[in-house]
Amino acid sequence: MSLIYLSAAELSAKLGSGEVSSVEATQAHLDRITAVDGDVHAFLHINAEALKTAADVDARRAAGEQLGELAGVPIAIKDVLCTIGMPSTAGSRILEGWIPPYDATVVSRLRAANLIPLGKTNMDEFAMGSSTEHSAYGPTHNPWDLERIPGGSGGGSAAAVAAFEAPIALGSDTGGSIRQPAAVTGSVGVKPTYGSVSRYGAIALASSLDQVGPVSRTVLDSALVHDIIGGHDPRDSTSLKDTWPSFAAAARAGATAESLKGLRVGVVKQLDAPGFQDGVKLRFHESLAMMEEAGAEIVEVSAPNFEYAVAAYYLILPAEASSNLARFDSVRFGLRVNPAGGGTVEDVMAATRGAGFGAEVKRRIILGTYALSAGYYDEYYGSAQKVRTLIQRDFDAAFAQVDVLVSPSAPTTAFKLGEKIDDPLAMYLNDVTTIPANLAGIPGMGLPIGLAPEDGLPVGLQIMAPARADDRLYKLGATLERMLEEKWGHTLLSQAPNLTPTEMFAASEGAV
Amino acid sequence: MAKAELMDFDKALELFEPVLGFEVHVELNTKTKMFSDAPNFFGGEPNTNITPLDLGLPGSLPVVNEQAVRYSISLGLALGCSIAESSRFARKNYYYPDTPKNYQISQFDEPIAYDGNVEVELADGRKFQISIERAHMEEDAGKLTHIGGSTGRIQGADYSLVDYNRAGVPLVEIVTNMIFGAEKDAPELAKAYVSAIRDIVVSLGISDAKMERGNLRCDANISLSPRGSGKLGTRTETKNVNSLRSVERAIRYEIQRQAAILAKGGTILQETRHWHEDTGVTSAGRPKSDADDYRYFPEPDLLPVVPGAELIEQLRLALPEAPAIRRRRLKEAWSFTDLEFQDVLNSGLLVEVEETVAAGASAQSARKWWTGEIARLANIAGVDASTLVSPLHVSELIALIESGDLTDRLARQVLEGVVAGEGAPHEVVDARGLKVVSDDGALIAAIDEALAAQPDVLAKIRDGKVQAAGAVIGAVMKAMRGSADAARVRELVLERAAVTE
């Protein structure tokens, strides 16, 4: 069985027993990237040091050193995260070739836990988008259908795990950038509680919404990654000082749970909307039935203010982004474009930003600048913050009644590349299900619950829990994953079409 | 810089009422910067005291310096301000290459301190109350050096260099409410106000407070209101005022400049103006309108600052005595004349004199030694007097004089020894053998010898011309190389003259 089809947990067991070396595992994934990434384009950069790092981990293991659970396991890293020795562009031309002098805290934690960074994954420029079509380096393609989007902004990380180019990856989620790509690629992704994972070294889109999280093919793998990257970081002032339970333990408990008896599952009326794709609604309601059958109590809850979530989000996000992106001015790092005939520093800044930013980034900078302007601040930014408070209250009221909330992860399955690129509003509405969790700072998980009958593409379920109760996501997620795979008799991703003729045999053999 | 047309100062005051307002920036002397752990040290190799945050690198995040918060609260309390239970940082957005993030982290609608009052005393003893609107925390910008062009300003420069060592240095900005009624004292009041702020931050020990180094910077706002109009004029904001003297001069200049323009029916442009110390004029900076839009919004990377009532109370109890009150108290306790006290203040030796007195010396002696011999030595060495010798040693020196162990002349030699690092005064006395000779035997021998050498003097003394003894006393003192008590020598000379045959 090829190493690339193993989950991170399975691979780490083989690494631990000495059956497989990290060099072999890393090489297998690098080979896979070579074979398929020309089509998928999940990666922007491959780590030239990966095999060397893997050999080092093997040597230390051979010397008897006690290593962490995921030591020697390869991982892909979203390009929004700063990495020493690897370019970190956030998908933007303005940072082309920029190599940070420091690691993001999550990256240094991965390195300390001896994971092997495989490379940097593609994304919408500065995480602005739902399709990766806004990457300055060309879109990523959905492994289920190369004509379709892999979601965004973290389409690269989701596609990398879905295409078996990496067992696990890091993503970042500002309004759904982990959960929506998970939904449309049939993978798992978690946006942790705001403040539970450090943002230090994550190139900021909207500081009050951004959160780094795991991307994987199994619930347990996400939990294992979350355990490594989570926890207080004094370099991030918004980082929570809580001590966290083991999410891997929660996932393992969930995977062996006999039933869901006593669990109160809330269905947000406003996120079970008539406009959603039929196949999405079908699979969602099937999963509700499955949970009910397993003993869960399904409760309909109302969140009346969710109606305003997208509007509020598209004021708060651009406002913060317009300020966060001001530093890209050519003075200290990144691209510099000198206007013809020279000019003042303002001329150079303007020329650089004009050439370095893509259309969607400019659109949001303009929007945000406007929303913060004197005379408009109260009406736009101020009102949006009020909506945010109301949405938090909706969640508080809902969680007074139920343990978790569920909804479809996204209104539709993967749409075609180019389909919504000229219609920003339609693109924005794709995040209607995921945005409320970011506005409230609560955790959310996306996991696959089947294929839509009409197009044969993955459908995702979103589970949301109260702030700090991320363990509930892993517990319920692992239970559902087990039940679904027992019902199907295979994993969902094993149904993905083979990407290359040479890989066909291995894929059908290895996935079941 | 061409001098603008100026109106006579008294004439200007006849026609207009000056309205003032000040923004004073105080650089805090914390170990590290406001939001990063880079050393708070400006100087040295450019761009060395920096972290990713101080360059605004992508992904970097600010963390609030707690010491800076404590200093800001202390300053707020010393300014008589209320301290906010919760205050917030905000981003002030504007593009300028000395601002690495292209926004400054400052405070906007929720400053840490607000509604204060500072009492300012003019030279003639009159007191003014300056109402403080707010004091808020923020970070300093980097330093631009403009190369090429004639003025050293950005206009006309070929290129500019940026040093981010200063970027992120903690600042407190103190903003006054509008100040009315200063009238012809406006220039002096301005100087007195900035001086009062300097005294306060020095007494708190929270800033090096050196205006010439930019630790304390004053932006002076001034406008003229035509008498009887009841209307405020358009203000200018004068920057780059780097000494107390310049504050006074700049205000005077702006009053005269604005008055000349207004009297001719002209209008004042709302703008920043740069003070030129060398030529004593201000020149136009950038236009500044109330419509400047910094797009402030709460800094999402930082939590609100909630110091807690306990910390505020603790800092309040730890506040030193207000400088103005302290000065009044000391002047009275020491019974100094205005001139004597001013002498101490102008030498910047108030603390040294106070500590010397506390160590047991008399106030007059402490003042005399510090502002006299010690200041003279410091002047020669080109250092601060306070670095030469400790108040404790000065007090010991004075005690040795008062006990008769040292003469003033000997004490100056002992001081030299102390300054040279030879130890405490008594150690120098021992090592150099400088003690006043009180062994009458040695003195009598010297006196007899001197009397024998000058028989004419002896005769005069015996004739009752006691003042003639001076010549013998001088000879004895010379023979003893100063280490004798002149009064005792005189006594003994008269005694020996009487018995010598």
For the stretch B:178-316, size of Cβ-based charge dipole, Lys and Arg +1, Asp and Glu -1, in debye: 680 debye
Estimated translational D of the protein assembly as shown in µm²/s (Stokes, Kirkwood radius over Cα pairs; 37 °C; 0.692 mPa s): 98 µm²/s
Packing rank of B:24-35, B:395-406, where each peptide gets the mean count of other beta carbons within 10 Å, highest leading: B:24-35, B:395-406
Stokes-Einstein D for the stretch A:17-97, Kirkwood Rh over Cα pairs, 10 °C, 1.306 mPa s (µm²/s): 112 µm²/s
Estimated Rh, the stretch A:367-454: Kirkwood, alpha-carbon pairs, angstrom: 15.8 Å
Long-range Cα-Cα pairs in the stretch B:321-432 (distance over 20 Å), rounded percent: 38 percent
Proportion of all alpha-carbon pairs of the stretch A:1-159 beyond 19 Å (%): 54 percent
Computed label-point distance, nm, for sites A:LYS14 and A:ARG111 using a 7 Å Cα→Cβ extension: 2.8 nm
Sorted by Cβ neighbour density within 10 Å, fewest at the top, the residues B:GLU133, A:GLU65: A:GLU65, B:GLU133
31 Å Cα-Cα threshold exceeded, pairs from B:LYS191/B:LYS331; A:LYS14/A:LYS487; B:LYS368/B:LYS465; B:LYS143/B:LYS368: B:LYS368/B:LYS465; B:LYS143/B:LYS368
Efficiency of FRET between A:ARG482 and B:ARG316 - r from beta-carbon atoms, R0 51 angstrom, step 0.05: 0.25
Gain upon complete extension [A:ASN498, A:ALA374; 0.36 nm per residue less C-alpha separation]: 39.2 nm
Cα shape, the stretch A:194-329, gyration tensor, a/c 1.5 rule: oblate
FRET efficiency estimate (nearest 0.05) - Cβ-Cβ, B:ARG286 to A:GLN27, R0 51 angstrom: 0.25
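List the trypsin sites (Lys or Arg not before Pro) within the stretch B:168-218 that DSSP assigns to loop and that have no more than 14 neighbouring Cβ atoms inside 10 Å.
Hits after loop and neighbour filter: B:LYS210.
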Set of lysines near A:LYS269 by C-alpha distance (under 16 Å), chain-local residues within fewer than 8 positions excluded: A:LYS281
Relative contact order of the stretch A:149-294, pairs being alpha-carbon contacts under 8 Å that are 6 or more residues apart, as %: 18 percent
Over the stretch B:137-179: Kirkwood hydrodynamic radius from C-alpha pairwise inverse distances, Å: 12.4 Å
The stretch A:255-396, Cα convex hull volume normalised per residue, Å³: 189 Å³
Peptide B:99-111, shielding by other chains (average Cβ, 10 Å cutoff): 2
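Compute the length gained on full extension between B:GLU427 and B:ARG376: take 0.36 nm times their separation in residues and subtract their Cα-Cα distance, giving the result in nm to one decimal.
16.1 nm
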The stretch B:238-294 shape via C-alpha gyration tensor axes, a/c threshold 1.5: oblate
Average beta carbon contacts from partner chains per residue of A:197-207, 10 Å cutoff: 3
Ordering of A:176-185, A:256-265 by packing [mean C-beta count within 10 Å, highest first]: A:176-185, A:256-265
Efficiency of FRET from Cβ geometry, B:LYS465 and B:ASP440, R₀ 30 Å, rounded to 0.05: 0.80
Two-site label geometry, B:GLU212 and B:ALA420: point separation in nm, points 7 Å out along Cα→Cβ: 3.0 nm
Relative exposure of B:ARG273, A:ARG61, A:ARG393, A:ARG217, judged by other C-beta atoms within 10 Å (fewest first): A:ARG393, A:ARG61, B:ARG273, A:ARG217
Mean ellipticity per residue at 222 nm, deg cm²/dmol - from DSSP H runs of n ≥ 4 across chain A, formula -39500 (n - 2.57): -12000 deg cm²/dmol
Descending principal axes extents, the stretch B:440-496, alpha-carbon based, whole Å: 29, 20, 17
Amide N of the stretch B:357-373 lying under 20 Å from the label point, which is placed 7 angstrom from the Cα of B:GLU332 along Cα→Cβ: B:357-358, B:363-364
Within 10 Å of each Cβ in A:328-335, the average number of Cβ atoms from other chains: 5
Pairs of alpha carbons in chain A whose separation is greater than 46 Å (percent): 7 percent
Degrees, to the nearest 10: B:66-78 long Cα axis against longest axis of chain B: 80 degrees
Sequence of A:ASP145, B:ASP408, A:ASP394 once ranked by neighbouring C-beta atoms within 10 Å, starting from the fewest: B:ASP408, A:ASP145, A:ASP394
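Could you please report the charge total around A:GLY176, scoring K, R as +1 and D, E as -1 over all other residues with beta-carbon less than 13 angstrom from its beta-carbon?
Around A:GLY176, the surrounding residues sum to -2.
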The stretch A:172-255: C-alpha gyration tensor shape, a/c 1.5 cut-off, then a/b vs b/c: oblate
Cα Rg over Rh - chain B, Kirkwood: 1.13
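Read-outs throughout are calculated quantities, based only on the coordinates presented, and are distinct from any laboratory measurement. The structure displayed is predicted, hence computed values, not measured ones. Neighbour counts are summed over all protein chains in view; Cβ atoms, including those assigned to glycine, are modelled from backbone coordinates with ideal geometry.
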